[in-house]
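Enquirer: The structure's right below; bear with me while I get my questions together.
The values are calculated or read from the model by the stated rules, or taken from the named source; none is laboratory data. Bear in mind the structure is a predicted one, so any value in this text is a computation, not a measurement. Because the Cβ atoms are built from the backbone with ideal geometry, glycine has one as well, and the counts that use them run over all protein chains shown. Surface areas here come from the heavy atoms of the whole protein model, side chains and all, with no ligands, DNA or RNA. Shrake-Rupley method; radii C 1.70, N 1.55, O 1.52, S 1.80 Å.
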Amino acid sequence: MALLSLFMFLSMLSSLCDCHPQSAGSMRSMAVSNHTARKGSDVAAEVAGYADVAKQIIDLAVFGAAQNRSYRRLADFTDTIGNRVSGSQNLEMAIKYMYNAMTQDGLDVHLEPVKIPHWVRGKESAEIIAPRAKSLAILGLGSSVGTPPEGIKAEVLVVQSFDELKQRASEAIGRIVVFNQPFVSYGETVAYRAYGASEAAKVGAVATLIRSITPFSINSPHTGLQDYQDGVKRIPSACITVEDAELMWRMAQRGQRIVVRLTMGAKTLPDADSFNTVAEIPGWEHPEQVVLLSGHLDSWDVGQGAMDDGGGAMISWEALSLIKKLGLRPRRTLRAVLWTAEEQGGVGAQQYFDLHKVNMSNFDLVMESDLGTFTPEALQFTGSDAARKVMAEVVKLLAPINTTKLEAHGEGTDISPWLKAGVPGASLHVADSRYFWFHHSEGDTMGVQDPQEMNLCSALWAVVAYVVADLQDLLPR
């Protein structure tokens with residue numbers, strides 16, 4: 001059945017039964033629930049009162065019956081569905097899979113409809129014709145246009161920066177521009193992937209090949225979104241490997257004439273119907289108030305999307321599973337949202353924000369995991385100084401897993417609209433030195449994931465979400 005039909009059917013079921021079984025957690029006897037004074041020392045004492053509960057969550061996730069469960073769930077999911085690019089049938093299957101799995105887990109689950117981009121890669125190839133024959137490993141960039149059916153055959157201009165492109169603008173006319181920019185950091189270097197095509201088109205280039213945005217390569221191309229500028233001719237754009245970018249740079253330095261043939265069948269279809277997938281444990285006192293934890297369900301169309309961001313989605317589900325298993329029910333609602341179309345620029349999350357921002361004052365904390373689920377090192381947080389003091393106490397509860405550090409700058413594409421609006425936000429800082437080795441490539445598979453590391457991430461995610469959701473007061477803005 002189509003996703004839209006599934007949504008209509010589920011909506012009918014939801015209207016017939018809106019029941020939330022009371023869990024044992026609402027009956028727990030903790031003195032903290034009676035605290036009314038809100039001085040810093042009182043808040044610290046209130047948070048400290050959750051030490052036993054935090055240890056129960058950690059023990060269940062790391063040593064108990066739930067050990068390695070998030071890893072197994074991720075393996076089952078990615079092995080069954082595969083990669084899940086925006087607009088694809090695989091993403092539709094993934095949403096159905098997660099709806100059914102989280103429902104069977106005893107959570108309150110529903111789908112919220114959105115419209116998302118539908119870009120299709122098509123067949124693609126590239127080869128050096130001169131000064132010698134060599135095939136090039138490429139991945140077209142998201143939203144790129146295709147080439148004519150016969151492809152584009154042109155001389156190459158190799159540059160290492162936007163500044164060099166401007167200085168050599170007269171040489172770019174009618175050529176394929178190859179960007180061989182060095183990797184500095186993802187945040188800085190990704191500008192070449194995002195804007196390289198339009199910058200090259202401004203000076204008359206016919207296509208661009210962009211060195212993959214990665215610090216490490218085994219001849220592996222890395223895809224991602226590129227962004228055409230309004231009013232600029234749209235030319236085909238693909239990423240190539242670090243090795244091939246450097247090869248053509250060396251050829252160019254020798255003064256050799258380089259000719260490349262590029263063929264891309266990429267096209268953009270009309271927007272597709274999709275859903276953000278939402279699972280909840282309703283709050284016992286303030287169900288209208290929400291602590292949101294999230295990861296995105298879509299991926300690019302290469303690899304398995306295990307690291308980016310299957311892991312973040314799974315630990316967000318796992319956090320609710322751990323809390324439910326322990327019979328805990330927090331004061332406020334815990335809501336796991338598995339976003340759709342994050343890779344296209346946070347499309348599903350933006351539509352979620354537009355729909356729910358009317359209730360912004362009821363969003364206590366928004367959390368996102370989208371930089372891997374490796375060994376956790378800290379919680380990153382954005383919010384007021386007063387809220388930061390509360391969160392500094394919360395992370396002390398993570399002493400059993402040695403993750404008590406609170407860092408600045410909670411971040412994430414999907415929660416960024418909330419952060420800009422002043423809602424407190426948190427993200428997971430993990431040992432991510434290898435993240436961009438595999439990011440957006442065929443290498444993003446279950447082989448990257450480690451079950452024990454995912455246990456730790458799940459424990460951290462669950463403790464932080466539960467405690468914040470159960471505190472007497474909302475985090476101060």
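Enquirer: With the structure loaded, tell me whether residue 184 is open to solvent by less than 20 Å² (accessible area, probe 1.4 Å) and not in a helix (DSSP H, G or I) or whether it fails that test.
Expert: no
Enquirer: Taking only pairs six or more apart or across chains, which ones have beta-carbon atoms under 9 Å, a first residue in the stretch 384-406 that is open to solvent by 40 Å² or more (accessible area, probe 1.4 Å), and a second residue that is among the acidic types (Asp, Glu)?
Expert: So the pair list comes out as 393/46; 400/59; 405/377.
Enquirer: Condition first: outside any loop (DSSP other than H, G, I, E, B), within 19 Å of the chain's Cα centre (by Cα) and charged (D, E, K, R). Now tell me which residues in the stretch 355-374 satisfy that.
Expert: Correct list: 368 only.
Enquirer: Could you grab me the full set of residues in the stretch 407-421 that are outside any loop (DSSP other than H, G, I, E, B) and surrounded by fewer than 24 Cβ atoms within 10 Å (Cβ to Cβ)?
Expert: 407, 408, 416, 417, 419, 420
Enquirer: Here's another thing I want to ask about it. Taking residue 350, is it open to solvent by 20 Å² or more (accessible area, probe 1.4 Å), part of a loop (DSSP other than H, G, I, E, B) and closer than 30 Å to residue 238 by Cα?
Expert: no
Enquirer: Still on this structure: Tell me whether the stretch 210-233 contains one or more residues that are in contact (Cβ under 8 Å) with a residue 60 or more places away in the chain and of a type in the set (Asp, Glu).
Expert: yes
Enquirer: Another question, then. Taking the stretch 272-296 only, how many residues are more than 17 Å from residue 464 (Cβ to Cβ) and within 15 Å of the chain's Cα centre (by Cα)?
Expert: Residues in the stretch 272-296 being more than 17 Å from residue 464 (Cβ to Cβ) and within 15 Å of the chain's Cα centre (by Cα): 3 in total.
Enquirer: Additional query: Between a first residue in the stretch 269-287 that is among the aromatic types (Phe, Trp, Tyr) and a second residue that is part of a strand (DSSP E or B) and open to solvent by less than 30 Å² (accessible area, probe 1.4 Å), which pairs have beta carbons less than 8 Å apart while being 6 or more apart in sequence or on different chains?
Expert: Partner pairs satisfying both residue conditions: 275/111; 275/112; 275/114.
Enquirer: Same structure, new question: Might you let me know whether the stretch 252-263 holds any residue that is open to solvent by 20 Å² or more (accessible area, probe 1.4 Å), without any contact (Cβ under 8 Å) to a residue 60 or more places away in the chain and β-branched (Val, Ile, Thr)?
Expert: no
Enquirer: Something else: Just need a number here: residues in the stretch 71-118 that are open to solvent by 60 Å² or more (accessible area, probe 1.4 Å) and of a type in the set (Gly, Ala, Ser).
Expert: 0
Enquirer: Mind listing just one residue for me: the one in the stretch 184-206 that is touching a Lys or Arg at 6+ places or on another chain (Cβ under 8 Å) and not small (Gly, Ala, Ser) and, of those, farthest from residue 235 (Cα to Cα)?
Expert: Among them, the one singled out is 192.
Enquirer: Return yes or no: is residue 377 modelled with pLDDT of 95 or more, closer than 25 Å to residue 345 by Cβ and not in a helix (DSSP H, G or I)?
Expert: no
Enquirer: Among the residues of the stretch 422-459, which ones are more than 14 Å from residue 381 (Cα to Cα), over 17 Å from the mean Cα position of the chain (by Cα) and buried (at least 23 other Cβ atoms within 10 Å of the Cβ)?
Expert: 455, 456, 459
Enquirer: For the stretch 89-175, please list each of the helices (runs of 4 or more DSSP H) lying entirely inside it that holds at least 2 residues being within 30 Å of residue 283 (Cα to Cα).
Expert: Where helices (runs of 4 or more DSSP H) fall fully within the stretch 89-175 and carry at least 2 residues being within 30 Å of residue 283 (Cα to Cα), they are 89-104.
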